[in-house]
Amino acid sequence: MKLLIKSAKIIDKHSAYNNKKLDLLIENGVIKKIGKDISTKADKVINEENLHVSRGWFDSSVSFGEPGFEERETIANGLDTAAKSGFTSIALNPNTYPIIDNNGAITSVKSKAAHHPVKMFPTGALTIKSEGVDLAELFDMKQGGAIAFGDYKRAIKNPNLLKIALQYAQNFDALVQSFPQEDRIAGKGMVNEEQNSTSLGLKGIPNLAEELQITRDLYLLEYTGGKLHIPTISTKKSVALIREAKKKGLDVSCSVAIHNLIFTDELLQDFETSAKVLPPLRTKEDIKALIKGLKDGTIDMITSDHTPIDTEHKKVEFDNALYGSIGLESAFGALSTVFSTEEAVEILCKGKQRFGLEDIEIEEGNPADLSFFLPKKKYEFSEAHIYSTSKNSIFKGHLLQGKALGIITKAGVFGL
């Protein structure tokens, strides 16, 4: 198939074509030519006003539902959602039923995404059934295609278990994830422990719960060596702890959820369950530190932390609502309210190398791995912008800037 993209501004700081408005000719999934006024017969011509194109975006923490919770999201519709949202690759969390904790489960979910333009890379559970008792079959899952190992939103309570995991994973260069929450400090808390939690009468999760766990995990990493990824940090001190660890030479990375860069716990005033996320929304001071951490490289990547939850488990009393918000559809538009177009794109492309994935530059002869978007389009995010089966978006009713249009990869075109 031959595709011709007309007058697209290329955003790729690694490419010689960066910031240039050019045509791209793509044939059978390969970038054949980049230049001005390309004239040729093509099966499809894409010509959109103010069209921008960048290297493919990656999300390191995406949950669907299949298997087990198909009413929340199937793999097929989830990948369609990712494509329409501009993502060419995603890491799938293991929080399904049953939990993705063995080679068979890894190969099963991979087979369901085999022919989709979005590349889906499973994360295997670190422990059997994510119960935090015994290590899962890490090596077998790595052989099956798992790109990392972690128990989604579940902290490893036993420090010796994490120590053994870090030591064992070094034998096959695996990345271990550890969710940053000390549950014995968090207790039955649901929101940030601050003035707002007191005024609302909701039990709080103190910053200490996150920071104590990160401190412990960094000490373990210093002792064992290996590679550690800390997903979705949320506090100012967490940024400082990881910055110091990197200065010491520890092989640690971390991410932040986009909603933790945008919203404070003031969003909880109406007990809106879509704002019940984990880690909880924090304060303006924390947001400022998180943004600075992204800009100086302390925080390695962002994630939408896309978590579809069906209405029956979200539109209930705040205490009973499950944690999580969908976020793929709003990711670019939300980031673009905080960062420049170039910064937002680069942030969305980061993280691939940490997970051992290829980050393909926009150059002639390279396979197509491209995200297309309109950077200045302003709109109020509503249910009409949601492609997911579940509608639990924290961004509904909020003004966003920038709209993803779709992707082109070697496996095909989607959304454009």
Criterion (more than 25 Å from LYS119 (Cβ to Cβ) and basic (Lys, Arg)) met by exactly one of LYS6, LYS13, LYS2, LYS32
LYS6
For residues that are open to solvent by less than 50 Å² (accessible area, probe 1.4 Å) and in contact with a His (Cβ under 9 Å, 6 or more places away or on another chain), scanning just region 372-385, find the one that is nearest to VAL338 (Cα to Cα).
PRO375
Within the bounds of region 187-202, is there any residue that is closer than 20 Å to LEU135 by Cα and either of a type in the set (Val, Ile, Thr) or part of a helix (DSSP H, G or I) (or both)?
no
Just checking, does region 328-343 include any residue being among the aliphatic types (A, V, I, L, M), open to solvent by less than 20 Å² (accessible area, probe 1.4 Å) and part of a loop (DSSP other than H, G, I, E, B)?
yes
Only one of GLU137, GLU131, GLU182 is modelled with pLDDT of 95 or more and surrounded by fewer than 16 Cβ atoms within 10 Å (Cβ to Cβ). Can you tell me which?
GLU131
Top-ranked residue in region 290-322 [being under 16 Å from the mean Cα position of the chain (by Cα) and not hydrophobic (A, V, I, L, M, F, W, C); ranked as farthest from GLU71 (Cα to Cα)]
ASP300
Would you check if there is a residue in region 196-203 being at negative phi, among the small types (Gly, Ala, Ser) and surrounded by fewer than 16 Cβ atoms within 10 Å (Cβ to Cβ)?
yes
Can you pull out the residues in region 1-30 that are surrounded by fewer than 17 Cβ atoms within 10 Å (Cβ to Cβ) and either within 18 Å of ASP359 (Cα to Cα) or hydroxyl-bearing (Ser, Thr, Tyr) (or both)?
SER7, LYS13, HIS14, ALA16, ASN18, VAL30
With respect to ILE164, determine if the residue is of a type in the set (A, V, I, L, M), surrounded by 16 or more Cβ atoms within 10 Å (Cβ to Cβ) and either in contact (Cβ under 8 Å) with a residue 24 or more places away in the chain or over 21 Å from LYS227 (Cα atoms) (or both).
no
Output the number of the condition that PHE121 fails; it satisfies all remaining conditions of (1) assigned to a loop (DSSP other than H, G, I, E, B); (2) crowded, with 20+ Cβ neighbours inside 10 Å; (3) among the aromatic types (Phe, Trp, Tyr).
(1)
Is it the case that region 32-49 has a residue that's over 14 Å from GLU361 (Cα atoms) and buried (at least 20 other Cβ atoms within 10 Å of the Cβ)?
yes
Which of the residues that make up region 45-83 are under 21 Å from ASP151 (Cα atoms), touching a helix residue (DSSP H, G or I) at 6+ places or on another chain (Cβ under 9 Å) and not in a loop (DSSP other than H, G, I, E, B)?
PHE58, ASP59, SER60, VAL62, ILE75
All but one of (1) at pLDDT 95 or above; (2) open to solvent by less than 50 Å² (accessible area, probe 1.4 Å) hold for GLY412; state the number of the condition that does not hold.
(1)
If we scan region 351-362, do we find a residue that is crowded, with 19+ Cβ neighbours inside 10 Å, touching a helix residue (DSSP H, G or I) at 6+ places or on another chain (Cβ under 8 Å) and either farther than 30 Å from ALA174 by Cβ or among the aromatic types (Phe, Trp, Tyr) (or both)?
no
For region 321-346, pairs from a residue that is without any contact (Cβ under 8 Å) to a residue 60 or more places away in the chain and under 26 Å from GLU272 (Cα atoms) to a residue that is open to solvent by less than 20 Å² (accessible area, probe 1.4 Å) and assigned to a loop (DSSP other than H, G, I, E, B), with Cβ under 6 Å and 6 or more apart or across chains, are ALA321/LYS276; ALA321/LYS314; LEU322/ILE309
So which of ALA146, ALA165, ALA169 is among the hydrophobic types (A, V, I, L, M, F, W, C) and part of a loop (DSSP other than H, G, I, E, B)?
ALA146
Among (1) in a helix (DSSP H, G or I); (2) open to solvent by 50 Å² or more (accessible area, probe 1.4 Å); (3) of a type outside the set (S, T, N, Q), PRO98 falls short only on (1)
In the set ALA384, ALA404, ALA368, ALA411, the lone residue that is under 18 Å from the mean Cα position of the chain (by Cα) and either aliphatic (A, V, I, L, M) or within 17 Å of LYS2 (Cβ to Cβ) (or both) is ALA404
Flag for GLY406 being out of contact with any helix residue (DSSP H, G or I) (no Cβ under 9 Å at 6 or more places or on another chain), modelled with pLDDT of 95 or more, surrounded by fewer than 24 Cβ atoms within 10 Å (Cβ to Cβ) and at positive phi
no
Just give me the residues in region 397-410 being more than 12 Å from LYS376 (Cα to Cα) and touching a Phe, Trp or Tyr at 6+ places or on another chain (Cβ under 6 Å), in sequence order.
HIS398, LEU405, GLY406, ILE407
Residue pairs meeting the criteria (Cβ under 6 Å; at least 6 apart or on separate chains; first within 13 Å of SER238 (Cβ to Cβ), in region 278-297; second open to solvent by 30 Å² or more (accessible area, probe 1.4 Å) and not aromatic (Phe, Trp, Tyr))
GLU285/LYS236; ASP286/LYS236; ALA289/LYS236
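The values are calculated or read from the model by the stated rules, or taken from the named source; none is laboratory data. The structure presented is a predicted model; accordingly, all values stated were derived computationally and were not measured. So basically every Cβ, Gly included, is an ideal-geometry build from the backbone, and we count neighbours across all protein chains shown. Note: areas computed on protein heavy atoms with side chains; ligands, DNA, RNA excluded. Shrake-Rupley method; radii C 1.70, N 1.55, O 1.52, S 1.80 Å.
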